[in-house]
Amino acid sequence: MQKKKRNQLLKLIIIALLSTISLVLFFLNFPLPFLPTPYLKVDFSDVPALIASLIFSPMAGVLVVGFKNLLYLAVSGSGEPIGVLSNFVAGLMIVLPVSLIYHRIKGLKGLISGLATGTVIMAVGMSVLNYYLILPAYGWFMGWEMSEQMKWIAVIGGVLPFNIIKGIFIGILFIPLFNKLQSWIQQQRTRFI
């Protein structure tokens, strides 16, 4: 019983640490200069959430993505929740497919399949959400008039390619990292499950 409590506490500490690392990585972002949407910035803050979801479960990845965004709201003092909510949803769209596929197909094959699937889901899902919800919400929040043509240009010329590129960048970073950490991840899985 005491060992189980200790493992639960250790699990919470690891999730908290990964959330904090995720927040730091969230601040280290950069725009893609060739896209017409400078407000879209690439960051690698989903990488710690991917690690948590591979060690523990998809829910651990969701917690890291959620805590990162809550910490960002607290630290930045941002009064603009639309971007934070969008980041949370985008994080879920890549972390959940990677985790779910990896837990069914262990190893590099499962990881690559998950990253490819997550990238497609994030790119398509965020494009649809931006067209129907996020861009209209920004327009309302900022007092902008946004035509259908402007929304199409923003989605096709910005949101869609941005999320594809972001997913590829995350994969390029995460696959070598996974190769280095694979035995450690497996040890942690064995320890906590």
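Tabulated results
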item: Flag for Val95 being farther than 29 Å from Ile185 by Cα, among the β-branched types (Val, Ile, Thr), at pLDDT 90 or above and buried (at least 17 other Cβ atoms within 10 Å of the Cβ); result: no
item: Residues of the stretch 65-92 that turn out to be small (Gly, Ala, Ser), modelled with pLDDT under 95 and farther than 22 Å from Pro38 by Cα, as a count; result: 1
item: Residue that is out of contact with any strand residue (DSSP E or B) (no Cβ under 9 Å at 6 or more places or on another chain), of a type outside the set (Asp, Glu) and within 18 Å of Val65 (Cα to Cα), where the choices are Ala90, Ala116, Ala154, Ala137; result: Ala90
item: Pair list, Cβ < 8 Å and 6+ apart or interchain, from the stretch 51-71 residues that are closer than 22 Å to Lys180 by Cβ to residues that are of a type in the set (Phe, Trp, Tyr) and surrounded by fewer than 24 Cβ atoms within 10 Å (Cβ to Cβ); result: Leu54/Phe178; Ile55/Phe192; Phe56/Phe192
item: Inter-residue pairs, beta-carbon under 9 Å, first among the aliphatic types (A, V, I, L, M) and in the stretch 33-49, second assigned to a loop (DSSP other than H, G, I, E, B) and surrounded by 15 or more Cβ atoms within 10 Å (Cβ to Cβ), 6+ apart; result: Leu40/Leu32; Val42/Leu32
item: The stretch 1-44 - residue that is assigned to a helix (DSSP H, G or I) and among the aromatic types (Phe, Trp, Tyr) and, of those, surrounded by the most Cβ atoms within 10 Å (Cβ to Cβ); result: Phe26
item: Test result for Val159, free of Cβ contacts under 8 Å to residues at least 40 places away in the same chain and surrounded by 14 or more Cβ atoms within 10 Å (Cβ to Cβ); result: no
item: Selection from the stretch 72-82 of residues that are of a type outside the set (Asp, Glu) and touching a residue at least 24 places away in the same chain (Cβ under 8 Å); result: Tyr72, Val75, Ile82
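The values are calculated or read from the model by the stated rules, or taken from the named source; none is laboratory data. In this text, all values refer to a predicted model and were calculated from it rather than measured experimentally. Backbone-built Cβ (ideal geometry, glycine too); neighbour counts: all protein chains shown.
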